[in-house]
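Since the structure comes first, as structure tokens, the remarks are kept for the end.
The values are calculated or read from the model by the stated rules, or taken from the named source; none is laboratory data. Note that the structure is predicted; figures quoted are calculated from it, not measured. Note that each Cβ is placed from the backbone with ideal geometry, even for glycine, and that neighbours are counted across all protein chains shown. Ligands, DNA and RNA are stripped out before the accessible areas are found, and what is left, the full protein with its side chains, is counted by its heavy atoms. Shrake-Rupley method; radii C 1.70, N 1.55, O 1.52, S 1.80 Å.
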Amino acid sequence: ALLKPLKKVRDGETVVFSSELSAAVESRGEGVAHLRFNLRGDDFDAALAEAGAMPLPPYIEGKRAADARDKEDYQTIWARASGAVAAPTASLHFDDALMAALDARGIARSYVTLHVGAGTFLPVKVDDVRDHKMHSERGEISAKAAKDIADTRAAGGRIIPVGTTAMRLIETAARKDGIVHPWSGATDIFITPGFRFRVSDALMTNFHLPKSTLFMLVSAFCRLETMKATYAHAIASGYRFYSYGDSSLLWPQGSNPS
């Protein structure tokens, strides 16, 4: 769990969240603590839902509390499996009307699962990015999704992941031979400039904060100079950044988006 301020707790201390839910602090790291809760499974989920609130990003929560609309707004329309600590925010732009427009144009889609982990909120604090320890996240690519991707590529189509989470997952699954196989497990793939993309032909994503692993990823995909120019345009034009912000469709250098 992310605890703030972390120095307020001690190893062995018990944190009480409600009459039903508590946890013992087993150890502490940089910004995080390992907790042992008193409940498990469905009992834990129910107690957590009762005691907790929608985890909006702090720059939103600092201005207003989460309300009932956030439970729908801060969730993708195709979310199914519990496990992520935050929404894959590029997907928040998709609603029924947009999906119908894609269908009308014959644009096919497949679904993969990557549970966004708490490490996505931790900044990069090292001078050399090779020293940064990337967080691990659990994901799954079904046999159907892997076949859809293979069939699309064989037919000359393009693969466009929606969000950095989907991109990291399919690029993880294609590391060995460039083919996306059915896959399940944890990935700590760290995409920085110089990375060789094997699957992704374009990327739809929001505008990310500076000094983040996500900005490194888009810079690896489109080159740093291109992203600096893109972000300068976004700032000058008043684009909104991050979770409830605006989106972009990025093409790698030298590609033909027509």
Unique match (being open to solvent by 60 Å² or more (accessible area, probe 1.4 Å) and at pLDDT 90 or above) among Ile235, Ile159, Ile149: Ile235
Residue list for the stretch 11-37, restricted to those being among the charged types (D, E, K, R), modelled with pLDDT of 95 or more and touching a His at 6+ places or on another chain (Cβ under 8 Å): Glu26
Hey, Ala229 farther than 25 Å from Ser136 by Cα, surrounded by fewer than 12 Cβ atoms within 10 Å (Cβ to Cβ), of a type outside the set (D, E, K, R) and out of contact with any helix residue (DSSP H, G or I) (no Cβ under 7 Å at 6 or more places or on another chain) or not: no
Which listed residue is within 20 Å of Ala84 (Cβ to Cβ) and open to solvent by 70 Å² or more (accessible area, probe 1.4 Å), from Arg28, Arg40, Arg10, Arg36: Arg40
Any pair with Cβ under 7 angstrom, 6 or more apart, that starts in the stretch 13-25 at a residue that is within 15 Å of Leu2 (Cα to Cα) and open to solvent by less than 40 Å² (accessible area, probe 1.4 Å) and ends at one that is among the β-branched types (Val, Ile, Thr) and assigned to a loop (DSSP other than H, G, I, E, B): Val15/Val9; Val25/Val9
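Can you tell me which residue is farthest from the chain's Cα centre (by Cα) among those in the stretch 176-208 that are of a type in the set (Gly, Ala, Ser) and open to solvent by 50 Å² or more (accessible area, probe 1.4 Å)?
The selected residue is Gly194.
Look at Lys63 and say whether it is farther than 19 Å from Gly163 by Cβ, open to solvent by 70 Å² or more (accessible area, probe 1.4 Å) and either touching a Gly at 6+ places or on another chain (Cβ under 8 Å) or not in a loop (DSSP other than H, G, I, E, B) (or both).
It is false that Lys63 is farther than 19 Å from Gly163 by Cβ, open to solvent by 70 Å² or more (accessible area, probe 1.4 Å) and either touching a Gly at 6+ places or on another chain (Cβ under 8 Å) or not in a loop (DSSP other than H, G, I, E, B) (or both).
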When residues of the stretch 246-255 are limited to those that are out of contact with any helix residue (DSSP H, G or I) (no Cβ under 8 Å at 6 or more places or on another chain) and part of a loop (DSSP other than H, G, I, E, B), the one surrounded by the most Cβ atoms within 10 Å (Cβ to Cβ): Ser255
